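Structure record follows, encoded as structure tokens.
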């Protein structure tokens with residue numbers, strides 16, 4: 001009897017992940033992509049960005065991100081409009097994200113009154129001087145990489161990812177720690193060909209908005225130079241009813257101010 005009770009106690013004490021953890025890497029990555037980029041039918045947030053270089057000098061940026069899902073778990077549209085500081089005010093970044101082909105990206109530079117097309121080859125380059133990349137705005141397509149589940153802990157799915165086309169990216173591989181409850185990637189480490197981690201993305205704050213767990217603070221670190229970019233996401237709102245015409249080239253020069261205003265509630 002004592003033995004039976006002891007065995008029963010041990011079974012009840014086992015962590016729940018032993019029974020309900022996912023084992024398919026592609027399924028985990030799909031869920032993480034949905035949690036990170038597809039909450040609600042659309043969304044709006046304001047971002048404060050602090051860029052710190054290797055000598056401790058700082059630059060600040062503030063911008064609003066509008067996002068609309070064209071298809072559920074499919075193509076999307078993003079509009080990023082800068083409001084501060086004055087030298088980048090009214091700079092606008094527009095993305096048409098595609099699952100079956102390269103994304104279309106445009107950048108409007110108000111000082112030159114110039115619309116610049118961002119080529120696919122530039123997607124892994126600095127976004128307005130930050131340690132954040134153009135591709136980071138709309139996210140990397142899961143189909144661009146091979147995914148392997150290397151460990152499941154009480155809190156995280158740990159996955160390794162290898163690009164299918166190594167010639168299009170600057171990294172050789174990367175590892176992601178995905179929160180098992182929210183499916184938000186909480187840490188990503190990028191490695192070079194030598195296997196050294198040179199870039200790290202970390203989530204430092206998560207809150208729930210409109211029923212969706214959402215990143216509120218994060219940091220991107222360049223481990224080679226010592227520079228970093230910190231981001232704070234505020235005034236977050238989902239399912240605001242953004243119309244399709246917000247995400248057209250016309251919005252590059254004439255941003256939709258009524259949708260950029262902070263929500264009242």
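What follows draws every value from the coordinates through simple rules; no lab data is involved. Predicted, not measured: the structure shown is a model, and the values here were computed from it. In this analysis, Cβ positions are derived from the backbone assuming ideal geometry, glycine residues included, and neighbour counts consider all displayed protein chains.
At-a-glance table
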{"item": "FRET E, pair residue 31, residue 106, Förster distance 35 Å, beta-carbon r, rounded to 0.05", "result": "0.70"}
{"item": "Kirkwood hydrodynamic radius of segment 184-265, from inverse mean 1/r over distinct Cα pairs, in Å", "result": "15.8 Å"}
{"item": "Percent RCO, i.e. relative contact order, over the chain, from Cα pairs under 8 Å lying at least 6 residues apart", "result": "19 percent"}
{"item": "FRET efficiency estimate (nearest 0.05) - Cβ-Cβ, residue 258 to residue 144, R0 30 angstrom", "result": "0.25"}
{"item": "Global size of segment 22-251 as Cα Rg and Dmax, reported in angstrom", "result": "17.1, 52"}
{"item": "Computed [θ] at 222 nm, helices only, for the chain once each DSSP H run of length n ≥ 4 contributes -39500 (n - 2.57)", "result": "-4000 deg cm²/dmol"}
